[in-house]
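Working notes for the structure below.
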Ligand code: KG4
Ligand code: ZN
């Protein structure tokens, strides 16, 4: 029997709507309000919420038209229920409830973090029996052990302070780059020498290495970069921004790839799946591929358009929930800004 899922994502600034039929992506349309935030240096939740309200119906229409699917052909609706911004989540969940009620179809609340991994199935095919997931974004940096993605996901560790993307955005501000700094640092770091300045790798030495085997801490690194830059400025010396970007980027990507691949080896899994907005980072993709090949591990990272927030990730996980016979969440669902796995 054929299953058609409508996926709705509104956890942050992207309104993403996608249609997945039997594990195949028919359409994925995204609208974003990111352009509005450069002058504020960060996302303004109220602006994001109103933008979702404005773009919801046009994005839905565009996705259905692109997929060549009528609303009446949708079998279930999947929507991000958390984690994320409360106003943004509420617009998506309210729209999804209205659709589920009007169409009399089941409604599934989706965990955004697991969605970031699940989107990879749409491009690289069905997941193996088990794998390690690394989800890195503006809000999260987590290592997950995954069996069946619909029923068996366990967080092995995560960031104790800043997420990888958040650290990039903060250092971007320090280097005078526009918001969000992540993609700018990525570009700048390609012009620098990644070995010129060695910045600290948090939680990789002594007792911390054992106790926080799968955890990250990037705030010390951020402070080290700030001290380095301020020291030069105080002495009236020029800041080698490309070398700072490259050295900083190397420190984060070194720890992310090392800990994720260590998890694969400890659990005896031969696959690492990477997802989330930060997995667009070119050095992360390069280092993960290089180090995984050395250890005989397969790395799956979706193309960049599926790394940042989108509807496909939600529809893909919705499809897995339906396929695995999971009970729908129902019309009573609410949003959970800090949703656990
Ligand atoms: O997953 P996402 O779109 O939203 C969240 O759920 O957070 O991730 C956005 C984050 C931002 O911090 C952004 O700076 C970062 O991903 N990002 C990057 C790159 N592209 C996006 N960070 C480093 N390098 C990139 N190429
Ligand atoms: Zn995300």
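Since every read-out is calculated from the coordinates, none of them should be taken as a lab result. Bear in mind that the values here come from a model prediction, so they are computed numbers and not experimental data. As a convention, Cβ positions derive from the backbone with ideal geometry for all residues, glycine included, and neighbour counts pool all protein chains shown.
Observations, loosely collected:
- To the nearest ten degrees, helix 45-67 and the longest principal axis of the Cα atoms of the chain are 60 degrees apart.
- Distance between the pseudo-spin-label points of residue 155 and residue 71 (7 Å out from Cα toward the beta carbon): 3.6 nm.
- Computed from Cα atoms, the angle from the helix 219-234 axis to the main principal axis of the chain rounds to 50 degrees.
- Overall form of segment 210-341 per C-alpha gyration tensor (a/c, 1.5; a/b vs b/c): prolate
- With a cut-off of 19 Å on the backbone N, the residues of segment 119-163 near the modelled label site 7 Å out from residue 336 along Cα-Cβ are 135, 139-159.
- Two-site FRET efficiency, residue 227 against residue 123, from Cβ-Cβ distance with R₀ of 35 Å, rounded to 0.05: 0.25
- Relative contact order for segment 129-302, counting Cα pairs under 8 Å that sit 6 or more residues apart, in percent: 27 percent
- Centroid-to-centroid separation of segment 186-242 and segment 245-292 [C-alpha atoms, Å]: 17 Å
- With a cut-off of 15 Å on the backbone N, no residue of segment 272-295 is near the modelled label site 7 Å out from residue 266 along Cα-Cβ.
- Alpha-carbon centroid distance for the pair segment 127-183 / segment 86-102, whole angstrom: 26 Å
- Between the beta carbons of residue 170 and residue 24, assuming R0 = 45 Å, the FRET efficiency works out to 0.70 to the nearest 0.05.
- Overall form of segment 21-63 per C-alpha gyration tensor (a/c, 1.5; a/b vs b/c): prolate
- Taking the fewest neighbouring Cβ atoms within 10 Å as the starting point, the ordered list for 322, 135 is 322, 135.
- Using distinct alpha-carbon pairs, which all enter the 1/r mean, Kirkwood radius of segment 129-302 in Å: 16.4 Å
- Derived from the Cα gyration tensor, the three semi-axes of the equivalent ellipsoid of the chain are 35, 23, 16 Å, largest first.
- With respect to the chain, whose longest principal axis is taken over its alpha-carbon atoms, helix 282-295 is tilted by about 90°.
- Relative contact order [Cα under 8 Å, 6+ residues apart], segment 1-84, whole percent: 39 percent
- Candidates 312, 242, 96, ranked by Gaussian network fluctuation over the chain, Cα under 10 Å, top entry: 242
- Descending semi-axes in Å of segment 1-125, equivalent ellipsoid built from Cα gyration tensor: 24, 16, 14
- Under the criterion of Cα pairs below 8 Å and six or more residues apart, the relative contact order for the chain equals 26 percent.
- According to the Cα-based calculation, Rg over Rh for segment 68-124 is 1.01, with Rh computed by the Kirkwood formula.
- For the chain, adding -39500 (n - 2.57) for each run of n ≥ 4 DSSP H residues and dividing by the number of residues yields -14000 deg cm²/dmol at 222 nm.
- Springs join every pair of Cα atoms under 10 Å in this Gaussian network model of the chain, and among 318, 82, 268 the largest mean-square fluctuation is at 268.
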